[in-house]
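Presented below is the structure to which this report refers.
No lab work stands behind these numbers, since they all come straight from the coordinates. What you see is a predicted model; the values in this text were computed from it and never measured. All Cβ positions, glycine included, derive from the backbone under ideal geometry; neighbour counts span all protein chains shown.
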Amino acid sequence: MKAARLYRNVALGIKTLLLHKLRSLLTMLGVVFGVGSVVAMLAVGEGASREALDQIRKLGSTNIIITSMKPVEEESRGTFSPFSVSMYGLRYDDQRRAEQSLSTIRRTVPVKLIRKEARLHDRIMDLRVVGTTPDWFDLVRRDVIAGRVVTPRDAERHASVVVLTEYGARRLLATEHSLGEVLRIGGEYYEVIGLVQSESGQGGAIQTPDQEIDAYIPIEVARERYGDLSTIVTSGSMLRESVELHQLIVEVDRTENVESAAAGLERMLKQYHAKNDYRISVPLALLRQAEATKRTFNIVLGSIAAISLLVGGIGIMNIMLASVTERTREIGIRRAIGAKRAQIIGQFLIETIVLSMTGGAFGMALGAAIPWVITAIAGMPTIVTGYSMLLAVGISVTVGLIFGLYPARHAANLDPIEALRHE
Amino acid sequence: MTAAARLARSPEPSAGGRGVVRLENVSKVYVVGSSEVHALRGVTLDFAAGSFWAIMGPSGSGKSTMLNLLGCLDRPTAGRYLLAGHDVAELNDNALSELRLRHLGFIFQSFNLIPQLTVRENIELPLYYLEWSPLASAQRAEQMAERVGLADRLNHRPQELSGGQQQRVAIARALAANPEILLADEPTGNLDSATGEQIMQTLTELNRQGKTIIMVTHEADIARHASHRLHMRDGRIDRIEGAGA
Ligand SMILES: Nc1ncnc2c1ncn2[C@@H]1O[C@H](COP(=O)(O)OP(=O)(O)OP(=O)(O)O)[C@@H](O)[C@H]1O
Ligand SMILES: [Mg+2]
């Protein structure tokens, strides 16, 4: 009964609005663009921030990543004396010390990077091979596509095994059928035992640990067979450098302890490293930063949206006031027949809400279409969330209510006798 | 249901029963700036159920003011106005609306149909506020249209009808909620004399069927149809002609 009556009232409102189609359409535009921009901006913001947050989460929120960096002095020296060896970066001892320094540190995973020419069948490629411990595969969780990863037993036996990343496999033209085949890396031979997924992290600001890594071998094997010395030939000059560990991933027991552990590691490393040849990065801190940025972004967005909706709402109010004046006589007639003030308010309020909700619906369509176009043209990730749609509906109803109330009350408070006399 | 609404439905017997309209020493003063306009000065009058009144008098004598008071569109400045057992001066706006809806039907000089609604919707208007079901309202609207001879015009818009037809739609609308009192302010004022005469026939017929009719008019020809002719002068009753007076 109540629902049927509401339906009738809404139908009447729509009918009245349809009498002035162009006017109703123009009145709605403010809300259309207001809601449309809210939904679109939220979608772009959500897309960008989710991408960033995802990447950071992939680094692990309880991890601290220490990376060897060539100090500035070494950088300049290298170019002048081609035969000298620059030594820098994390040492094997650093890993041991890190593990012992703090009780909050659960384990550490070393990363030794080797660039060697590799060959699978006839395919020859320069590969980035990482020597690491089996813990890597536990810490940097990626799905195993085929075969298996390096096990503690492989490490113990110094087994000549290699696990290819998806990225590496693509470069070597390897498939899951390549399991058991022999891969030659810089004159040494390995059995391909597994294929794991890799995180490309394309275009993102944050590098995931396995970005651009082609293959994994046990670190013991890497040390034995390739040592620490590497020669990099760049255009015209030759660079020789000795780096024991390229990276150290430190896992802390709880997120609350990450920051203090990072500070502790920093203190510890300072004692043993005269040069500034490492960099500590804390994904959690990046995560917090990204979240803070997202919040700021949302506040800015909210303000813009609020202003545009305010403008839209005022537009509606303006037109409704004009409509009330125009329909003064109708109001007088309805009041004389016996309409209560509340019923007049209801009538006009329904009209504004129908207007603003229709505007909101078009706005939602617009707001969903714009991100789609942005993704198609600019390649930016966008996510239209259900929450933004709900927000849009809520906003348009609220705009209708707030900006419709004044004109509606104005209509209801007209003196019926004067309203009837109105020309 | 509000107390006022309940009251509006059950007339108080002591006030004389359904349909009795009584003014007791009613005054209406309009304050315009610093001056006062005494539109009605202590009017006392009973409108018996089933009577047909024509209110006459020179311009500014208070005819419309009286009709607006009788129509519960306004409240008296002083005195009492009893309608269906209620003292109108004491009622709030909602209760007045309720009284208008259930007891009064208005007919205006300029018809006052709502232009964007069809004839049917215009007639259904009081029923809409009475919260009748769409089906019952539609049936009632058809009945009323038939009664005023416009059954074939239900889906027209008011602008498509002649003045006389529009006024008949207005009468159908005034009758829809079956009120006992019809109030008309110069109902033939915008019509030629032949059409006006037709409208008067309709009103006379309604009066015969039991409606109390109170009508303002300038024209003696029109007033002749009424059982009572009330002459106003300067906000006072000048004289009353007609049955029993
Ligand atoms: N809203 C108002 N404010 C101030 N004065 C008013 C108002 N309404 C009516 N009056 C005054 O009250 C007096 C009675 O007016 P009313 O409209 O009742 O006259 P009337 O008899 O209907 O006249 P007419 O035949 O011209 O319609 C007039 O002097 C008029 O100017
Ligand atoms: Mg008048």
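Compute the relative contact order of chain B as a whole-number percentage, counting only Cα pairs closer than 8 Å that sit 6 or more residues apart in sequence. Once normalised by length, the contact order is 27 percent.
Indicate the gyration tensor shape class of the stretch A:70-276 (rounded, prolate or oblate), computed on the Cα atoms with a ≥ b ≥ c the square roots of the eigenvalues: a/c under 1.5 is rounded; otherwise a/b larger than b/c is prolate and the rest oblate.
oblate
Helices meeting the span-like rule in chain A (full DSSP H runs, Cα extent of at least 20 Å along the helix axis, mean Kyte-Doolittle score of 1.0 or higher): A:283-326, A:341-378, A:386-412. Between the stretch A:289-358 and the stretch B:144-200, the C-alpha centres lie 37 angstrom from each other. For the stretch B:21-107, GluC sites (Glu not before Pro) meeting the loop criterion (DSSP other than H, G, I, E, B) and having at most 11 other Cβ atoms within 10 Å: none.
Distance between the modelled labels on A:Ile232 and B:Glu24, one decimal in nanometres: 10.8 nm (7 Å Cα→Cβ projection).
Taken about its Cα centre, the stretch A:97-247 carries a charge dipole of roughly 140 debye when the Cβ of each Lys and Arg holds +1 and the Cβ of each Asp and Glu holds -1. Candidates A:Ile319, A:Ala376, A:Ile299 compared by Cα position along the dipole of the protein assembly as shown: farthest toward the positive end lies A:Ile319, with charges placed on Cβ. When the Cα positions of A:Thr328, A:Pro218, A:Leu173 are compared along the charge dipole of chain A, A:Thr328 comes out farthest toward the positive end, with charges on each C-beta of Lys, Arg, Asp and Glu. Here the simple spin-label model places points 7 Å from the Cα toward Cβ, and for A:Thr293 and B:Arg236 these points are separated by 9.0 nm.
Scanning residues 5 or more positions from B:Val37 or on other chains, those with amide H under 5 Å from its amide H are B:Tyr30, B:Val31, B:Val32, with H placed 1.01 Å from N in the peptide plane. The trypsin sites (Lys or Arg not before Pro) of the stretch B:137-235 that meet both conditions, a loop assignment by DSSP and at most 13 other Cβ atoms within 10 Å of the site Cβ, are B:Arg224. Just going by the charge dipole of the protein assembly as shown, with Lys and Arg at +1 and Asp and Glu at -1 on Cβ, which of B:Gln198, A:Pro283, A:Val250 is farthest out on the positive end? Of the options given, the answer is B:Gln198.
If only the Cβ of Lys and Arg carry +1 and only the Cβ of Asp and Glu carry -1, the dipole of the stretch B:116-223 around its Cα centre is close to 280 debye.
Computed extension length for A:Val311-A:Leu390: 26.4 nm, one decimal, from 0.36 nm per residue of separation with the Cα-Cα distance subtracted.
Under 13 Å from a label point set 7 Å out along the Cα-to-Cβ vector of A:Val72, the amide N atoms of the stretch A:240-283 belong to A:276-277. Rounded to the nearest 20, the size of the Cβ-charge dipole of chain A about its Cα centre is 2120 debye, with Lys and Arg at +1 and Asp and Glu at -1. By the compact-protein rule of thumb, 2.2 N^0.38 Å, the alpha-carbon radius of gyration of the protein assembly as shown corresponds to a ratio of 1.70.
At 0.36 nm per residue, minus the direct Cα-Cα distance, what do A:Ala376 and A:Leu19 gain on full extension? Give it in nm, one decimal, please.
Details: separation 357, 0.36 × 357 = 128.52 nm, distance 3.90 nm.
Extra length available between A:Ala376 and A:Leu19 comes to 124.6 nm.
Taking chain A as the region of interest, the number of lysine pairs whose Cα atoms are within less than 19 Å, with members eight or more places apart or on different chains, is 5.
How charged is the neighbourhood of A:Ile14? Take every other residue with its Cβ under 13 Å from the Cβ of A:Ile14, and add Lys/Arg as +1 and Asp/Glu as -1.
In short, +2.
Where does the charge balance sit around B:Gly163 when Lys and Arg score +1, Asp and Glu -1, over other residues with C-beta under 14 Å from its C-beta?
Local net charge: -2.
Once both labels are positioned 7 Å from their Cα atoms along Cα-to-Cβ, the gap between A:Leu321 and B:Ser35 label points is 3.3 nm.
Give the angle, between 0 and 90 degrees and rounded to the nearest 10, that separates the Cα long axis of helix B:93-103 from the longest principal axis of the Cα atoms of chain B. Between helix and principal axis, roughly 60 degrees. Taking other residues whose beta carbon is less than 14 angstrom from the beta carbon of A:Asp253, and scoring Lys, Arg as +1 and Asp, Glu as -1, yields -1.
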